[in-house]
Amino acid sequence: MRALFEPGFFASTPVRTALVVGAIVALASGVIGVLTVIRSQSFSGHALGDVGTVGGSAAFLANVSPLWGFLGIAVLASGTMELFGVERRRGRDVATGVVLGAALGLSALLLYFDTTSTSTSGAAVTILFGSLFTVSSDLLPALAGLGGGVLGAVLVMYRPLLLSSVSSELAAANGLPVRFLGVAFLVMTGIGVSLSALAVGTILSTALLIGPAAAALRLTRRPGRAMLAAGASGLAATWLGILLAYDSFYWPPARKGWPVSFFVVALVLVFYVGSGSLSSARSRRARGTT
Amino acid sequence: MARPGRRLLLADAVSTCPPGRHGEARAEVLALDGVDVWLSGRKVLSEVSFAIRAGEFTGVIGSNGAGKTTMFRVVLGLEAASSGQVLLDGESASHRSRRSIGYVPQKVVLEPDLPLRARDLVGLGLDAHKLGVPWPSRARRDAVDEMLAGVGATSLADARVGTLSGGELQRVLIAHALMSGPRLLILDEPLANLDIRSGQEIVELLAGLAHGHNVAVLMAAHDINPLLEVMDRVVYLAGGRAASGTVGEVVRPDVLSRLYGHPVSVLDVEGRILVIAGSNIQAVGTLEDDLGEHRH
Ligand SMILES: Nc1ncnc2c1ncn2[C@@H]1O[C@H](COP(=O)(O)OP(=O)(O)OP(=O)(O)O)[C@@H](O)[C@H]1O
Ligand SMILES: [Mg+2]
C-alpha cells in the first residue's frame, strides 16, 4: 500500500484536481458512450473528438483553456453534421467524414501556429494527447457543471433517448420527436467528448467514450446497468491511471513521469479485453449448466 | 396506478362491448376520407377512403409498392396527406390522439448485442414518452409480465431483443404496441419472414385481440389467404387506390378490375383465393403457375 500510494499523492493539488476531473469525465463518458454504441454512432463520436483539435489549438492561440475550444467546435460540428443529414445512416457517415476532413486540415495549420508561437511542441502534445495533471483547478466548476448537465439531461430524457437509440421507427411510432432527440444527443456527445478530450486529448478521447461502454455492453443486457458499469470502469481506469502516472515519476528513462493518458487508455483496453474473457467464460458456464 | 396492462387491455373490452350487439352499432375508431399522398412528385395514394370499427379485424392487402406502409405513416402522422383527412374516434387526428395508436413497423432492425431485454422493450411501450428514469415498480413489472404472457412470450422476457427470431420479435413488438392500451393496433406486414405456423399463431393472437378484446386491428399483408378466416373487412390497395368492404364485397372480378385498371380474375382454389391478371380463367397454365407461386 505504501509503495502504491507514493507519499504526497493525496496532498498534491494537481493530483486532487486530476482525480475530480477524471471522475466527472469518466461518468459522463460512460453514460454517453453506452448510448453512442447503441446508436452505432461511434464514428460521429470519434469525429467530434478529432475536430476538437481545431478548437483546442485555436484556444491555445487565444490563450484560454482548450476546453472552450473543444466545446465550441464540437457543438458547431454537431450542428453541421445534423444539417448535412445525420438521421440517415449513410448521410450521417458522409456528413461526418466531410466535417472531419475539413477540421483536421485546419488543425494542422493552427497547430503549426501554436508550435511556432511558443517554439515548443507542448501545445500539440497537450491538445492531441491531453494530460489530467495540467488541468487548472479553476476549471472545476465549469467541468462539474458540464458533466452534471450531460448526466442530468440523459437521466431526464432516459426513456425517449433509449427508445430512439434502439429503433427510430419504434420511437417515431410512439410519437417521440426523433429528430430533436438526435440533435440533442449529438450535442451531448459533443460535450462529453470535449470533457474527455481535456482529460486524455482529442485523439484518445474516443477511447474513453467508447471503450468502457463497449466493455459494459458485453457484460450486461440492461441499459441502465450498462451505463453504471461503463461509468464505473471508466472511473477505475482514470483513477488507476492517475495513480500509476504519479508512481511512474521514478521510472526510467527520464525520471519525469509517463503520460497519464497512456495509462488511462491502456487500462480501458485491459478492461475491454477482460470483459471479453469474462463474458465468454460466463456463456461457457451457462452452456455447461443447461 | 393499478396494473395498467390489464386495465387498459382487458377490462375495457368487456364494458364497451355489450353482448348481442356485434358490428353495426360500434363507433368508428379510424376513418380515412379522400386521402391523397404525394411523395417526391409522385402520387402514391389517391382518394383513399374507408372506416374501421372497434373489435374489427381489417386486412390491408396490396402487392409490393401498393402504398400500405405509406398509408399507415399518414395515419400515424409521420407523412402528410396533401388532401383528405384522417379521423380518429370521429375527430381529426392530432398528435395527442395519435399517441393512442399501437404500431408495429414493417422493418425493425435490432442488433444482437443491444443491451435491451424483451421486457425492457415492452416496458418502453408503456411510458417511452415519460421523462426521468423508470423506477422498478411492482405494478410496472406485473403489467409487463402479463402482457408478455398474453402474447405467449413469457419465456422470452429476459432474452436480448436483438437475438430473437422473426416470430419471437413479432410477438414482443406486438406486446410493446399493446402496452399503452390502444384501441387501434396497426401492424405492417407482421407475417413477412414468418413460417406458416408462426404466421397462423400471430393471426390467431391478433384475431383474439380484435374479437375478444375489442381492439380495432389493421394489418397489412400481401397475401390475403392467411387472413380469410378472421378478417371482418378488407382494404384492397392497388395502383394507389383503395377498395374496402367485406371480402365478399371487394374480392370480386368487377371491383378489382376497376381498382387495377385492367381485367383480373378471382379464383377460388380449394378455399384459397387467387387474384390473377386477365379475364380468361380457362388459362390453366397461368393457374398452375400461380398455385406454384403461392405454395412456396
Ligand atoms: N419517401 C419516398 N419518396 C418517394 N417515393 C416513395 C417514398 N416512400 C415510398 N415511396 C413510393 O411509394 C410507393 C408505395 O410505397 P410503400 O412503402 O407504401 O409500399 P408498400 O405497400 O408498403 O410496399 P411493401 O409491400 O413493399 O412494403 C412505392 O412505389 C414507393 O416507391
Ligand atoms: Mg411496406
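Derivation of every value follows stated rules applied to the coordinates shown; laboratory data play no part. Since the structure is predicted, the reported quantities are computational estimates derived from the model, not experimental observations. Don't worry about glycine lacking a Cβ; one is built from the backbone with ideal geometry, like all the others, and counts go over all protein chains shown.
If you take every DSSP beta bridge fully contained in the protein assembly as shown, what fraction is antiparallel? Give it as a percent rounded to 5. Among the beta bridges of the protein assembly as shown, antiparallel pairing accounts for roughly 60 percent.
Taking 20 °C and 1.002 mPa s as conditions, the protein assembly as shown diffuses translationally at an estimated 80 µm²/s according to Stokes-Einstein applied to its Kirkwood radius (Cα pairs). Taken about its Cα centre, segment A:13-288 carries a charge dipole of about 1200 debye when Lys and Arg each add +1 at the Cβ and Asp and Glu each add -1 at the Cβ. Give the lysines reachable from B:LYS130 as a straight Cα distance under 17 Å; neighbours fewer than 8 places away on the same chain don't count. Leaving aside lysines fewer than 8 places away in the same chain, none come within reach of B:LYS130.
Counting only whole DSSP H helices of chain A, the ones at least 27 Å long by C-alpha along their axis and with mean Kyte-Doolittle hydropathy no lower than 0.5 are A:13-38, A:42-61, A:66-85, A:89-118, A:178-219, A:223-247, A:260-289. A simple charge model with +1 on the Cβ of Lys and Arg, -1 on the Cβ of Asp and Glu and nothing else charged puts the dipole of the protein assembly as shown at about 1840 debye relative to its Cα centre. Could you give the angle, 0 to 90 degrees to the nearest 10, between helix B:166-178's Cα long axis and the longest principal axis of the Cα atoms of chain B? Taking the Cα atoms of chain B, the angle to B:166-178 is about 70 degrees. In chain B, the longest principal axis of the Cα atoms and the axis of helix B:284-295 are about 10 degrees apart.
Cα extents for chain B along the principal axes, largest to smallest and rounded to whole angstrom: 64, 47, 41. By DSSP, the beta bridges lying fully in chain B are antiparallel in about 60 percent of cases.
Beta bridges from DSSP with both residues in segment B:133-249: antiparallel share about 55 percent, rounded to the nearest 5.
Find the centroid of the Cα atoms in segment B:139-217 and in segment A:166-226, then give the distance between the two in whole Å. With segment B:139-217 and segment A:166-226 each reduced to a Cα centre, they are spaced 29 Å. Here B:TYR236, A:TYR250, A:TYR272 are placed in order of increasing Cβ neighbour count within 10 Å, fewest first, which gives A:TYR250, A:TYR272, B:TYR236.
Mean projection of the Cα convex hull over all viewing directions, computed for segment A:13-288: 15.8 nm².
Compared with the dominant principal axis of the Cα atoms in chain B, helix B:196-213 is inclined by about 70°.
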